[in-house]
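K.L.:
Okay, here's the structure, questions in a sec.
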Amino acid sequence: MKNRLIAFFISSILLQSVFAQTDSCINFTRLGISFPALTNQEQMDFSQYHLDFLSVNMFRFAENWALRETTQGVYNWGPLDARMNWIEANNYDVLLTIQSNGPDWACDSEFQNDLSCAFSDSVAFRKYIDTLLVRYGENIKKIQFGNEWHSTYWYAGYAADFIRANNTVWEAVQEKSPDTQFVLGGFASGTMTNLAACYGYLDSVRMPDSETWYQQDIILAHCNSPEIQAVAAKQDSILSLCKYDIIDMHLYDDVENWPLYYHIMDSITEGAYPIIVTEMGGPNLFNELPYSDEFQAQRLYQYIKCVDSLMIPEVYYYKMVSGGESAPYHQESGLIDGETLLEKPAYYLFKTMNCDCGTSNCPDYTTNIYTVFPNPARDIINLSELVEDFEIQIYSISGQLVFSGKNVNQIPVSNYKTGVYFVKVKSGLHIQVNKLFITK
């Protein structure tokens, strides 16, 4: 309890200081991207362009045994070979998440869902991991098994099954790739909210997928329920019996509580392990409304300043492109619009902040370099405040390029259909995208 009180005191101080800052410098945290698009060469080229622009050279992606050895003893390494060759050619630092899933022949059918299973053949799993590490170990900076194992949605087996699989990967790493660091993955944001509430630090709680606030009496009943007690027991056994070098947290949305979550985790493990964040993002579309691209950028500033104030060495933003397999409440968390593939304001804020302020001149990519008016428009739009050479492009909501030009301050739009468009202007280092509304 003493450690918990210390954690609460420290987090209260940090909360007062984090949001008072207005500068864009970060001093301790290295920023990466979690799950950039890497399925084929086109996607890798796309991701490479944006990773380079964002000055990011580390990212996290997932590997799935179920895809690699559908038939026992027959491996399909081709897709992963292409990805790893690309990683090596570009000198990226990779954190590889081994998904807690496997081919049907290696899974216990009683403990299996679409995303995970308890392995019935640990020997075959070890052979798969050994082979993977021999092939790619030099290109894997960090590795972990599983994702958000508190939830049966993400891990279908018992704690003992997870511990066995986790330690199988650990032992393989020590033998086949000892320079690779092992990360225990990953404490979800909702789990941290539960912990903070059950420890009595929060008087009211709203979970990530809920619009309802729960007060103290309901929280107490929730924390004493058999379901939550089982999760707590699972957590305790995994933390004590799993082998790992680093602890992984996922932080979303309620940035005001992140210092508290961090210090609770640090207290539980008595500061014995460094903590990194392999997923950070938001805002939540269920309970941080109304959403706007500008609001997302404001929150991202707070996220980055918060993790930097906690001196977390590595933080991976989730994720590069909106939509896809993201949870419904995080469909807009991406830095790039998933439909138009245009960069959002948060993208340029990320670029501005991901800079070593102590050794280099960091340009502000978030500066407004122009305004577009009138907006909404019917016949003509005007661009003001542009004094340097610039390029302009206008895209439809579906991502179709409808106009491209240079140094044009007035553009006819009378032939455009009613709807939403995006005006993208590049001037020197700066790029700015504005929404344009056409009405008839």
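We did not get these values from a lab; they are worked out from the coordinates using the rules stated. In this text, all values refer to a predicted model and were calculated from it rather than measured experimentally. Counting neighbours? That spans all protein chains shown, and the Cβs are built from the backbone with ideal geometry, glycine included.
K.L.:
For segment 402-422 and segment 160-225, what is the separation of their C-alpha centers, rounded to whole Å?
P.N.:
That distance is 49 Å.
K.L.:
List the trypsin sites (Lys or Arg not before Pro) in segment 238-317 that DSSP assigns to loop (not H, G, I, E or B) and whose Cβ has at most 10 other Cβ atoms within 10 Å. Which are they? Mind dumping the intermediate values first?
P.N.:
Details: sites: 243, 299, 305; in loops: 243.
The qualifying sites: there are none.
K.L.:
Also, quick follow-up: Give, to the nearest whole percent, the P(r) tail of segment 146-299 beyond 26 angstrom, counting all Cα pairs.
P.N.:
Values: 3639 of 11781 pairs.
Cα-Cα pairs in segment 146-299 separated by more than 26 Å: 31 percent.
K.L.:
Just in segment 349-426: which chymotrypsin sites (Phe, Trp or Tyr not before Pro) are loop by DSSP and have at most 11 other Cβ atoms within 10 Å? Walk me through the intermediate numbers first.
P.N.:
Numbers: sites: 350, 365, 370, 390, 395, 403, 416, 421, 422; in loops: 365, 370, 390, 416.
In loop regions of segment 349-426 (DSSP not H, G, I, E or B), there are no sparsely surrounded chymotrypsin sites (Phe, Trp or Tyr not before Pro).
K.L.:
Nearest 20 debye, what's the magnitude of the dipole of segment 371-438 about its Cα centre given +1 on Lys and Arg Cβ and -1 on Asp and Glu Cβ? Working shown, then result.
P.N.:
Numbers: 6 positive and 5 negative charges, 56 e Å.
Roughly 260 debye for segment 371-438.
K.L.:
Please give, to one decimal in nm, the separation of the simple spin-label points placed at residue 114 and residue 141, each 7 Å out from Cα toward the Cβ.
P.N.:
3.2
K.L.:
Taking only the Cα atoms of the chain, how large is their convex hull per residue, in Å³? Can you show the working numbers first?
P.N.:
Numbers: hull volume 71.9 nm³, N = 440.
Output value, Cα hull per residue: 163 Å³.
K.L.:
Identify the GluC sites (Glu not before Pro) of segment 68-128 meeting these criteria: DSSP loop state and at most 15 other C-beta atoms within 10 Å of the C-beta.
P.N.:
On the way: sites: 69, 88, 110; in loops: 69.
Here no GluC sites (Glu not before Pro) fit, given the DSSP loop and packing criteria.
K.L.:
Show the residues, 5+ positions off or on another chain, whose built amide H is closer than 5 Å to the amide H of residue 102.
P.N.:
Under 5 Å from the amide H of residue 102 lie the amide H atoms of 66, 117, each far enough along the sequence or on another chain.
K.L.:
If I take every Cα pair under 8 Å that is 6 or more residues apart in the chain, average their sequence separation and divide by the length, what percent do I get for the relative contact order? Numbers along the way, then the final one.
P.N.:
Values: 803 pairs, mean separation 65.9, N = 440.
This gives 15 percent for the chain.
K.L.:
Here is a follow-up. Which one, 188, 377, 297, has the greatest fluctuation when you compute a Gaussian network model over the chain with C-alpha springs under 10 angstrom?
P.N.:
Among 188, 377, 297, the largest mean-square fluctuation in the Gaussian network model of the chain belongs to 377.
K.L.:
Can you find, among 46, 77, 33, the residue farthest towards the positive end of the dipole of segment 26-88? Put +1 on the C-beta of Lys and Arg, -1 on that of Asp and Glu.
P.N.:
Farthest along the dipole direction, towards plus: 33.
K.L.:
Which pairs in the list 243/344; 351/424; 127/319; 351/417 are over 28 Å apart, alpha-carbon to alpha-carbon? Could you put the intermediate results ahead of the total?
P.N.:
Numbers: 243/344 40 Å; 351/424 17 Å; 127/319 32 Å; 351/417 34 Å.
Over 28 Å apart, Cα to Cα: 243/344; 127/319; 351/417.
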